[in-house]
Amino acid sequence: MKRRELVIRFTLLGEPIGKARARTYPQMDKDNRVIYRNGKPVMESKTPGKTKAWEEYISLVARQAAARHNLREPIPRGTPVTLGCLFFMSIPSSWNPKKKQQAREGTIKPTGVPDLSNLFKCIEDGAEKVLWHNDSQITCYGTVDGAQSQKLYAREARTEVEVRATLYLS
């Protein structure tokens, strides 16, 4: 059995977006009336548009990265995956020059929303069925080029992603 160390790296351009909670609404008919079944309103959940668009972009870029590494199918089920992400947030334009410099140097880090877990969740869901079958395969949050996964400030907002797995080929 051959062993292959898989390392896939890619960059997502733009401000990192955290996973927003799905919104649940009563289902409506064509006349804009609530639909009932067994005396209870039928509910439906919708992922907010901004989250959905970001996850679709992640899927597209992940698919391109997988193709560059000849990964034609997701990493096999049961294979542990390590996911590393560096989330580079925009420096607020309202900050004074000194504070902007501290942000660029890493002295100040983004402590506001979106939180790190929701940023990861978007990556996990966006790359699902492309890089891995299910995000339950992610067993560890790792590094990107040796840097621990984290939120940082930068002049250009982006997300750097690194996926690692050991594949056993017959």
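The values are calculated or read from the model by the stated rules, or taken from the named source; none is laboratory data. Quick caveat: nothing in here was measured; it's all calculated off a predicted structure. Cβ atoms come from the backbone with ideal geometry, glycine included; neighbour counts cover every protein chain shown. The accessibility values were calculated without ligands, DNA or RNA, using every heavy atom of the protein model including side chains. Shrake-Rupley method; radii C 1.70, N 1.55, O 1.52, S 1.80 Å.
Some values worked out for this structure:
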item	result
Filter pass, Arg33 being at pLDDT below 90 and open to solvent by 90 Å² or more (accessible area, probe 1.4 Å)	no
Top-ranked residue in region 85-141 [being β-branched (Val, Ile, Thr) and touching a residue at least 60 places away in the same chain (Cβ under 8 Å); ranked as nearest to Glu15 (Cα to Cα)]	Ile91
Failed item, numbered, when Glu56 is tested on (1) closer than 30 Å to Arg104 by Cα; (2) out of contact with any Phe, Trp or Tyr (no Cβ under 8 Å at 6 or more places or on another chain); (3) at pLDDT 95 or above; (4) surrounded by 13 or more Cβ atoms within 10 Å (Cβ to Cβ)	(4)
So Gln64, is it in contact (Cβ under 8 Å) with a residue 12 or more places away in the chain and under 15 Å from Ala127 (Cβ atoms)	yes
Matching strands (runs of 3 or more DSSP E) fully within region 95-170 where at least 1 residues are within 30 Å of Met1 (Cβ to Cβ) and at pLDDT 95 or above	138-141, 158-169
Any chance Arg77 is touching a helix residue (DSSP H, G or I) at 6+ places or on another chain (Cβ under 8 Å), open to solvent by 80 Å² or more (accessible area, probe 1.4 Å) and in a loop (DSSP other than H, G, I, E, B)	yes
